[in-house]
Each structure stands twice: as structure tokens, then as C-alpha cells.
Amino acid sequence: MRILYQLLVVLFLMLQGAAGKHFIPRPFNPCAAQNGRCVPGICRRPYYWVGTCSNGFSCCRRYVEV
């Protein structure tokens with residue numbers, strides 16, 4: 001009887017996994033998260049520096065006046 005309960009738990013977990021979406025992890029890009037772009041060298045106008053990209057380039061974001 002105990003095996004039956006374990007099989008039901010395994011079946012329930014399999015159904016839970018089959019009903020869920022498949023998650024494909026993508027590498028996190030903090031520059032794109034800040035609406036920036038990676039450029040070699042320094043940032044030129046109308047862009048300003050917000051950080052460094054993973055490849056060593058500068059992360060530049062466009063300056064917007066309000």
C-alpha cells in the first residue's frame with residue numbers, strides 16, 4: 001500500500017511538470033535591462049556611460065531631456 005502512495009506522488013509530480021511551461025534560461029544582460037547598448041571605447045553624445053558590458057565594452061544609454 002505504501003508503494004501505491006509513492007507511485008501516486010510520482011505521477012502527480014510528473015503531471016505537474018507536464019502542465020508547466022518549459023523555461024529556457026537566457027543570459028542576463030544588465031546593459032539591455034537599462035535600455036543601453038554596448039559600444040567599444042567611450043560613450044559619445046547623446047549617450048552617457050551607465051556601466052561595463054560582459055565583453056569589456058562600455059554600456060551607453062541615450063540621454064533624454066524631460
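Descriptive notes on the structure:
- Residues in segment 48-59 that are over 17 Å from Phe28 (Cα atoms) and open to solvent by less than 100 Å² (accessible area, probe 1.4 Å): 1 in all.
- Hits in segment 7-47 (condition: open to solvent by 100 Å² or more (accessible area, probe 1.4 Å), part of a helix (DSSP H, G or I) and modelled with pLDDT under 70): Phe12, Leu13, Leu15, Gln16
The values are calculated or read from the model by the stated rules, or taken from the named source; none is laboratory data. Predicted model, so just to flag it, every value in this text is computed and none were measured. Calculation scope for accessible area: heavy atoms of the full protein, side chains included, ligands and nucleic acids excluded. Shrake-Rupley method; radii C 1.70, N 1.55, O 1.52, S 1.80 Å.
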